[in-house]
Amino acid sequence: MKCIDVENVVIEIHDRGRNTVALVNDRYAIKLCCGDSCEGLIYEARLLSMMKGRGFVELIDCGEVGECSYLVRGFSKHTLRDYVGKLSMEEILEILRDLAEALRRLHLVGYVLTDLKPENVGYDDRTAKVLDLDAATPIYGRIRVATSSYAPPEFFNEGVALRESDVYQLALLIHELATSKLRNPAFGEELEETGLPELDELLRDMTNPVPVLRPSTREVIERVNRMLSKNLDRSPRT
C-alpha cells in the first residue's frame, strides 16, 4: 500500500489491478492504473488540464506512485442517470446549453468526446460536468471508445469522430432526460415528443443522419437561449 497527499488529505492506494476508481472523503475521486498500459490515464489527465472551467470536472492532481499512475479529480454525488425523467424543462434546457458549450470548448482544442451519455455527466447543484475524457478522440480520428446505443450513424459507417457526432449524442441524452426513453434514430427509432415543440425540432435537427446538416454547438446554444428566454413551466414533466 502506498499513499499520496492531496490538499492535506492522505489517500491510500492499494495495488488491486488496473483502472481502479475510488471515492475519497466525498470530495475527490481517484483513477488508478498499475502496470504497462497507463497511456489512457495520462491522456485523460492531459485533456482535463486543458479543459479547466465550467462544464468539466476539475483535475486536482495526477502523477505516479511506484508502478502506478493516478489521476485525482473532483467528485460528483450524482450523474444525470439519477435524474432521468425528474427534471423541469428549464433544467433540461440549461443542461443542453451548458453541455453544448462544454463540447464547443473541447472541439476548439481539437477533440471529440465520442461517449456522451447520462452516466458520464455529473450533476450537482444544478450544474452539469463531463466526468470522463478517456474516450475523447482527435477530430476525424478513429473511434476509440463509444456506447453503441448512443452512437451516431457515422460511427457505424466510417468509424470516425466528428464534431457533429457529439451534437448527435447530446440530442439523445437530452431526449432521454425529457422523456425517460432512449431512442436512437440510427436504429430506425423515432424520437418521442418532449412537451416543448421548439426542443423537439432542435433534437430532430441534431440527429440528422447527415452530419454536416446538424446544427453546430454554437447554433444549439443560441436556439436554447431563445427557448429559455420564454416563461417555461418549472415543474417536472409527467
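List the aspartates and glutamates whose Cα lies under 14 Å from the Cα of Lys230, skipping any in the same chain that are fewer than 8 positions away.
Glu90, Glu91, Glu94, Glu198, Glu222
Past 29 Å, Cα to Cα: identify those pairs from Lys31/Lys117; Lys52/Lys181; Lys31/Lys181; Lys86/Lys129, in the order given.
Long pairs (Cα-Cα over 29 Å): Lys52/Lys181; Lys31/Lys181.
Semi-axes of the equivalent ellipsoid of the chain: what are they in whole Å, largest first, if each equals the square root of 5 times a C-alpha gyration tensor eigenvalue?
So the equivalent ellipsoid measures 33, 21, 15 Å along its semi-axes.
Evaluate the distance, in nm, between pseudo-label points positioned 7 Å from the Cα of Ser149 and of Ser37 along their respective Cα→Cβ axes.
Computed distance between label sites Ser149 and Ser37 equals 2.5 nm.
Distance in nm between label sites at Arg218 and Glu158, each 7 Å beyond Cα in the beta-carbon direction?
2.1 nm
Quick one: angle between helix 39-50 and the longest Cα principal axis of the chain, in degrees between 0 and 90, rounded to 10, please.
Result, in degrees: 60.
From the phi of every residue in region 96-106, what ³J(HN,Hα) in whole Hz does the Karplus formula 6.51 cos²θ - 1.76 cosθ + 1.60 yield, where θ is phi - 60° and glycine or proline is x?
Rounded to whole hertz, the list is 4, 4, 5, 6, 5, 5, 4, 5, 4, 5, 5.
Out of the GluC sites (Glu not before Pro) in region 58-101, which ones are loop residues according to DSSP with at most 14 other C-beta atoms within 10 Å?
Glu58, Glu67
Roughly how large, in nm² to one decimal, is the mean projection of the convex hull of the alpha-carbon atoms in region 100-238?
Averaged projected area of region 100-238's Cα convex hull equals 8.2 nm².
Sort 109-122, 161-174 for me by packing, meaning the mean count of neighbouring Cβ atoms within 10 Å per residue, highest on top. Could the numbers behind the result be given before it?
On the way: 109-122: 21.2, 161-174: 25.2.
Ranking the peptides 109-122, 161-174 by packing returns 161-174, 109-122.
Taking the DSSP beta bridges in the chain as the whole, what percent of them are antiparallel, to the nearest 5?
The answer is about 95 percent antiparallel.
As an exercise, identify the trypsin sites (Lys or Arg not before Pro) in region 101-148 lying in DSSP coil whose Cβ has no more than 11 other Cβ atoms within 10 Å.
Here the sparse-neighbourhood loop sites are Arg126.
With runs of 4+ DSSP H residues as the only contributors, calculate the mean residue ellipticity of the chain at 222 nm using -39,500 (n - 2.57) per run, divided by the residue total and rounded to the nearest 500. Before the final figure, lay out each step's value.
Numbers: 6 runs with 76 residues, N = 238.
Value at 222 nm, helices only: -10000 deg cm²/dmol.
Taking amide H atoms as placed 1.01 Å from N in the peptide plane, list the residues 5 or more away in sequence, or in a different chain, whose amide H sits under 5 Å from that of Gly141.
Sorted by chain and number, the residues that satisfy this are Ala161.
Where a number appears in this text, it was derived from the coordinates with a stated rule and is not lab data. Being a predicted model, the structure only gives us computed values, none of them experimental. Backbone-built Cβ (ideal geometry, glycine too); neighbour counts: all protein chains shown.
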